[in-house]
Amino acid sequence: MGLMNEIGNILEQYKGASASAPPPNVEQHFSQVAQNVPQSAVSKGLSDAFRSNETSPFGQMIAQLFGKSNGDQKAGILNHLLGSFRPTGLTGIPAELSSLLEGHGSVTPDQANQISPGTVQDLAERARQQDPSIIDMAGDFYSKHPTLVKSLGAGALAIVLSRISHHA
């Protein structure tokens, strides 16, 4: 059986999958699929999972990923989230972040390591309200970090794979 047939068979298992009853081996399946489908498919699947009523709220999922990220990944997502507030300004962002940004154009990895996941959760929800397309940007950002995405857990991964199966 060819690799693409194997990926197709894996994805077939996830058509109609739910977060409450994920198929077995979901983390292994996610790794296989993420390595063998276009990154855009993983990005779309993640964005759909971020929007899903079956998964945790967007801000909570971003905070969870942030908590497991290295400094570069933390800085990357923070700078994307903060970018959703521009050009209207950074009013309304948590004080913990606004004080870090004074005099800087962006958050550095060292600064990002000082930010709590709770602050990121608040920021992500505010960013989503300010610019709903931030969900697609977050899906694109994290699609480049599939090992990190596995930290979302089996339920969320089942939703990601379910959405990829509908687009494949």
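The values are calculated or read from the model by the stated rules, or taken from the named source; none is laboratory data. Remember, it's a predicted structure, so these values are computed and weren't measured experimentally. For neighbour counting, all protein chains shown are included, and Cβ atoms are generated from backbone atoms with ideal geometry for every residue, glycine included.
So here's what we get for this one:
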item	result
Any hit, the range 59-73, residues being of a type in the set (V, I, T), at pLDDT below 95 and either surrounded by fewer than 23 Cβ atoms within 10 Å (Cβ to Cβ) or out of contact with any strand residue (DSSP E or B) (no Cβ under 8 Å at 6 or more places or on another chain) (or both)	no
Residue that is surrounded by the most Cβ atoms within 10 Å (Cβ to Cβ) [pool: residues in the range 74-89 that are not β-branched (V, I, T) and not in a helix (DSSP H, G or I)]	S84
Failed condition for S56, given (1) part of a loop (DSSP other than H, G, I, E, B); (2) among the small types (G, A, S); (3) at pLDDT 95 or above; (4) farther than 25 Å from P22 by Cβ	(4)
Output for the range 3-16, where each listed residue is in a loop (DSSP other than H, G, I, E, B) and surrounded by fewer than 16 Cβ atoms within 10 Å (Cβ to Cβ)	K15, G16
Only listed residue being hydrophobic (A, V, I, L, M, F, W, C) and part of a loop (DSSP other than H, G, I, E, B), chosen from A41, A19, A34	A19
Of residues in the range 109-152 being of a type in the set (A, V, I, L, M, F, W, C) and more than 16 Å from F85 (Cβ to Cβ), the one farthest from the chain's Cα centre (by Cα)	A112
